[in-house]
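Contents: one structure, followed by commentary.
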């Protein structure tokens, strides 16, 4: 089953009245079932924010967009946490060959400083010899 089919299956399950849209009440029921809390007023606000066509109801496309956006945001947050593990304390918000070598060593991968410099050079877009978060994000997305 591909991702689109999974979204459709979940959406049909949430769409209790089968009208092809999620009402604030259906959204509230969904959030309650997964252990969250959402007042009727909050459910209406969420539906308004997520709704793309102004009818106050959520379509399948609205739900997919919100889930995908949340996933993208979570991925960036996760990458930021990983980046902090590799950061060089002396240089601030960057990864140096020294800090890369240290982190790889902690992970059980032995590399020389030269090998780490070569790894950084491959993704060092501004040529300053270190990786900033954007360069690190490019590196992680290419692997």
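Helix 40-50 and the longest principal axis of the C-alpha atoms of the chain enclose an angle of approximately 60°.
Computed as a quarter of the hull surface, the mean projected area of the alpha carbon convex hull for the chain stands at 12.5 nm². Listed from fewest to most Cβ neighbours within 10 Å, the set 15, 72 follows the order 72, 15. Of the residues 124, 51, 114, the one that moves most in a GNM of the chain with alpha-carbon contacts below 10 Å is 114. To the nearest 10 degrees, how steeply does helix 97-106 sit against the main Cα axis of the chain, on a 0 to 90 scale? With rounding to tens, the tilt is 70 degrees. Here the relative contact order of the range 3-73, from alpha carbon pairs under 8 Å that lie six or more residues apart, stands at 28 percent.
Its Cα gyration tensor gives the range 87-142 an equivalent ellipsoid. The semi-axes, each the square root of 5 times an eigenvalue, are 17, 12, 11 Å from largest down. Listing 95, 89, 120, 113 from fewest to most neighbouring C-beta atoms within 10 Å gives 89, 113, 120, 95. Here residue 61 and residue 93 are evaluated by their C-beta separation; at R0 = 41 Å the FRET efficiency comes out at 0.65. Among 49, 14, sorting on how many other beta-carbon atoms sit within 10 Å of each Cβ, with the fewest leading, yields 49, 14.
When both the range 21-49 and the range 65-143 are represented by their alpha-carbon centers, they are found 38 Å apart. Quick one: angle between helix 3-14 and the longest Cα principal axis of the chain, in degrees between 0 and 90, rounded to 10, please. So the helix axis and the longest Cα principal axis differ by about 40 degrees. With helices as the sole contributors, the chain gives -20000 deg cm²/dmol at 222 nm; each DSSP H run of n ≥ 4 counts as -39500 (n - 2.57), and the sum is divided by every residue.
Any read-out appearing in this document is the output of simple, stated calculations on the displayed coordinates, not a laboratory observation. Please read these numbers as outputs of a predicted model, since none were measured by experiment. Ideal geometry is used to build each Cβ from the backbone, glycine not excepted, and the neighbour counts take in all protein chains shown.
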